[in-house]
1. Taking the options GLY67, GLY31, name whichever one is assigned to a helix (DSSP H, G or I), away from ligand 2 (no atom under 16 Å from the Cβ) and either in contact with a helix residue (DSSP H, G or I) (Cβ under 9 Å, 6 or more places away or on another chain) or aromatic (Phe, Trp, Tyr) (or both).
2. Sort through GLY323, GLY356 and tell me the only one that's touching a Leu at 6+ places or on another chain (Cβ under 6 Å) and within 16 Å of ligand 2 (Cβ to nearest atom).
3. Where in the stretch 293-400 are there strands (runs of 3 or more DSSP E), lying wholly inside it, with at least 1 residues that are farther than 29 Å from SER262 by Cβ?
4. Looking at the structure I just gave you, is GLY190 within 15 Å of ligand 1 (Cβ to nearest atom) and touching a helix residue (DSSP H, G or I) at 6+ places or on another chain (Cβ under 7 Å)?
5. Just checking, which of VAL477, VAL401 is at pLDDT below 90 and touching a strand residue (DSSP E or B) at 6+ places or on another chain (Cβ under 6 Å)?
6. So which residues in the stretch 19-35 are away from ligand 1 (no atom under 14 Å from the Cβ) and either out of contact with any strand residue (DSSP E or B) (no Cβ under 8 Å at 6 or more places or on another chain) or over 18 Å from ALA159 (Cβ atoms) (or both)?
7. Restricting attention to the stretch 57-109, and to residues there that are open to solvent by less than 30 Å² (accessible area, probe 1.4 Å) and basic (Lys, Arg), which single residue is farthest from VAL13 (Cα to Cα)?
8. Within 29 Å of SER382 (Cα to Cα) and either away from ligand 2 (no atom under 16 Å from the Cβ) or surrounded by 20 or more Cβ atoms within 10 Å (Cβ to Cβ) (or both): is that true of GLU200 in this structure?
Amino acid sequence: MNSMNSNSPMPAVGIDLGTTYSVVSALDEQGIPRSLPNAEGELLTPSAVLFEGEQVIVGREALKAMGGDAIHVADCPKRYLGRRVYPRALAGMEYPPEVLQAWILNKLRLDSAQRLGKFRQVVITVPAYFDEVRRKATQDAGYMAGFDVLDIINEPTAAAVAFGFQQGYLSESGEARKAQNLMVYDLGGGTFDVTVMRIEGSEFKTLATDGDVHLGGRDWDQRMVDFVAEEFLRRYTKDLRDDPNSAARVWRECEEAKRTLSTRGKATVACDHEGDWVRTEITREQFESMTQDLLDRTSLTCQEALRAAGMDWGDLDRVLLVGGSTRMPQVRKMLADLSGREPDHGISPDEAVAHGAAIRTGVLQSQFEGRPPKMKIQSVNSHSLGVVGRDRRTDRRRTAVLIPRNTPLPTSTKRLFRTHTENQRSILVQIIEGENPNPDYCSPVGKCSVPALPKGLKAGSPIQVEFDYAENGRLKVQVTVPGTEIRLAHELRRENSLGQEQLDQFRREISGFPPPVIPLSS
Ligand code: ADP
Ligand code: MG
């Protein structure tokens with residue numbers, strides 16, 4: 001039996017905090033991951049938050065409210081992580097996206113506690129393609145929701161872990177099984193992720209990852225909304241997209257029609273707006289042709305990931321489908337054509353990620369108890385990490401890459417910076433992520449300032465900055481003066497990130513928990 005934490009002292013959950021739906025899983029007594037239904041009895045909780053007076057409502061009710069009360073609903077806050085605030089004010093308040101994520105996590109925590117009793121520990125998944133800033137925001141959301149975040153793991157890795165578990169790779173006898181190359185193709189509601197991995201015994205090694213944080217089922221929906229809205233416009237010379245409530249109602253109709261088209265040849269969409277209405281029929285063929293370019297974007301990204309892994313379609317043993325949107329027949333067909341094999345149907349596209357996260361909680365807990373690790377996960381960084389440098393010849397700002405993308409994690413790198421002037425007392429390092437040689441087109445991680453350099457340094461004195469990229473994609477910075485034991489204090493001021501005080505305040509407001517005695521590290 002695949003028992004991993006049969007005598008685990010404390011319950012813990014794995015959460016797939018999805019853009020459109022979230023899922024919670026925990027290990028049962030036999031150590032098998034099971035999804036936990038929410039208070040409404042459903043396994044999938046819509047990732048939507050409704051602000052109604054003093055009340056904050058998460059899930060199905062919030063999603064329903066979009067048809068009449070769209071301006072009070074935060075829908076898909078995950079899409080906006082990394083920004084300072086959610087693009088719209090909600091009930092007159094501007095909220096950072098991670099605070100909205102925290103409300104969602106808090107509901108999941110409370111609902112799970114009904115089944116598991118009190119617990120704090122969680123592993124949360126993130127798209128492999130998430131950058132450092134978004135990972136940090138996710139970790140902060142867990143904190144504000146009253147959780148003790150054990151780890152942040154990549155969604156495709158979690159799906160592969162669930163697959164490996166199901167195939168018996170994690171059992172005693174699984175060590176000897178033949179290695180497999182997998183592609184995890186995850187098309188959800190708002191994001192697309194593709195990862196090439198290798199499973200060898202209990203080792204899960206990521207070879208390359210790529211994706212698009214702004215491509216998902218929602219974009220497919222929008223194509224149908226536009227199609228229907230154009231028809232309405234022709235007939236009544238009114239654009240229903242101008243009214244958020246009408247637009248939200250039509251979107252719900254279209255989303256449902258899209259699901260119908262996954263199993264049937266045609267579907268109808270009824271839309272009403274200001275007392276007029278039309279009924280439109282859409283065939284699967286029409287829908288596929290109006291979304292072909294979206295599908296093509298995913299196949300190009302798959303090719304890129306394969307190339308980065310040094311592979312061809314023929315080198316893959318399996319293609320795992322993850323995410324609700326992989327139910328669209330066009331996705332399966334495209335992947336079957338490209339890989340020459342039917343994609344795998346063995347794992348649940350909705351639950352695999354949460355299951356993998358739950359398995360991870362068991363592995364970590366047994367490791368904390370001093371038992372040898374049962375599973376090894378090796379990830380890569382999904383974006384190049386660098387600093388803003390200056391070109392010596394042209395004096396133009398340029399990106400100096402320190403850790404190129406797809407480097408196996410953990411990794412660290414050192415870089416020497418030189419002081420400009422005699423007795424310079426501080427330096428400032430701007431940290432960025434991205435591939436573009438022009439730093440303006442990369443995304444800022446933050447600024448690291450070293451405020452108290454030793455007195456009397458000559459101009460041009462070296463200061464060493466070390467970047468440690470942890471396994472979970474989180475960054476740590478250390479500053480030293482080479483040749484001495486001096487470790488310099490520094491402050492990593494993150495771009496669009498909440499400070500500890502704000503985090504503690506939101507934690508109290510959302511979860512009712514005071515900050516723990518030992519504050520979490522940044
Ligand atoms: P995320 O991880 O981004 O939250 P999910 O994996 O839960 O997303 O997938 C949600 C998306 O899957 C939504 O866009 C939804 O419309 C789509 N979806 C779910 N079921 C089907 C189906 N039968 N056919 C087509 N799309 C579907
Ligand atoms: Mg997902």
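The values are calculated or read from the model by the stated rules, or taken from the named source; none is laboratory data. Every value quoted in this text rests on a predicted model; they were computed, and no experiment measured them. No Cβ is skipped: glycine too gets one built from the backbone with ideal geometry, and neighbour counts run over all protein chains shown. Calculation scope for accessible area: heavy atoms of the full protein, side chains included, ligands and nucleic acids excluded. Shrake-Rupley method; radii C 1.70, N 1.55, O 1.52, S 1.80 Å.
1. Working: GLY31 fails: assigned to a helix (DSSP H, G or I).
None of the others qualify; the one that does is GLY67.
2. On the way: GLY356 fails: touching a Leu at 6+ places or on another chain (Cβ under 6 Å).
GLY323 is the lone residue from the list that is touching a Leu at 6+ places or on another chain (Cβ under 6 Å) and within 16 Å of ligand 2 (Cβ to nearest atom).
3. On the way: elements: 318-322, 376-378, 385-390.
Fully inside the stretch 293-400 and qualifying: 376-378, 385-390.
4. Working: within 15 Å of ligand 1 (Cβ to nearest atom): yes; touching a helix residue (DSSP H, G or I) at 6+ places or on another chain (Cβ under 7 Å): yes.
When the stated conditions are applied, GLY190 passes them.
5. On the way: VAL401 fails: at pLDDT below 90.
Selected residue: VAL477, the only one of VAL477, VAL401 that is at pLDDT below 90 and touching a strand residue (DSSP E or B) at 6+ places or on another chain (Cβ under 6 Å).
6. Passing the criteria: ASP28, GLU29, GLN30, GLY31, ILE32.
7. The extreme case among them is LYS78.
8. Values: within 29 Å of SER382 (Cα to Cα): yes; either away from ligand 2 (no atom under 16 Å from the Cβ) or surrounded by 20 or more Cβ atoms within 10 Å (Cβ to Cβ) (or both): yes.
So GLU200 fits the description; yes.
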